[in-house]
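Values in this text are rule-based calculations from the coordinates and carry no lab data. None of the values given here were measured: they were computed from a predicted structure. Glycine also receives a Cβ, built like all others from the backbone with ideal geometry; neighbour counts cover every protein chain displayed.
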Amino acid sequence: MSHEGIRFVSENEASKATAQQQELPRGAIDPQRVRVNKTEGTGVEIDWKDGHASHWTFAWLRDACPCATCIEEREVSGLEPGQPKPQPPTALPMFKAPVRPKEVRPVGRYAISFDWNDGHTSGIYSWHYLRSMCQCETCRTEAARSAAKS
């Protein structure tokens, strides 16, 4: 039996996560239109019901996987979601296929899941998670301001 996806958190972490989830209004986390550009390899685009639009590359999404294993790896390495792992220097650079999903599935009415071409399959990207990780200039500026206040 695999324990991948199970993560124990402190009461403080749980209340902090709950507070963050309550910050976004319903229209901000309800997608109006979701486009997964698998054939083009350009990533995912979501138009939200509140009029906002978000876009993520597949590489960013893979590096921001919300599964417990990936979160733990990022915490140990000191990486932020979407930040790639540093690659060790090699004498001869090896070809690495671009990150792409082999399969994309809706998860109920609240999330999307990817089977990545590197074999990873356990991340469930909730609409709330994706909206809170929006990469548009406006959202990144606002997130930086919020982080500076903390």
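Structure notes:
- Once the Cα-Cα distance is subtracted from the 0.36 nm per residue extended length, the Lys96 to Glu137 segment shows a gain of 11.9 nm.
- Neighbours of Leu79 by Cβ distance under 14 Å: Lys/Arg scored +1, Asp/Glu scored -1, total -2.
- With a simple spin-label model that places each label point 7 Å from the Cα along the Cα-to-Cβ direction, the separation between Arg105 and Gln87 comes to 3.0 nm.
- Three-way shape call for the range 25-116 based on the alpha-carbon gyration tensor, with the a/c threshold at 1.5: prolate
- Anisotropy class of the range 68-123 from Cα gyration tensor, a/c 1.5 cut: oblate
- Packing here is the average count of other Cβ atoms within 10 Å per residue, and on that basis the peptides 110-120, 74-84, highest first, run 110-120, 74-84.
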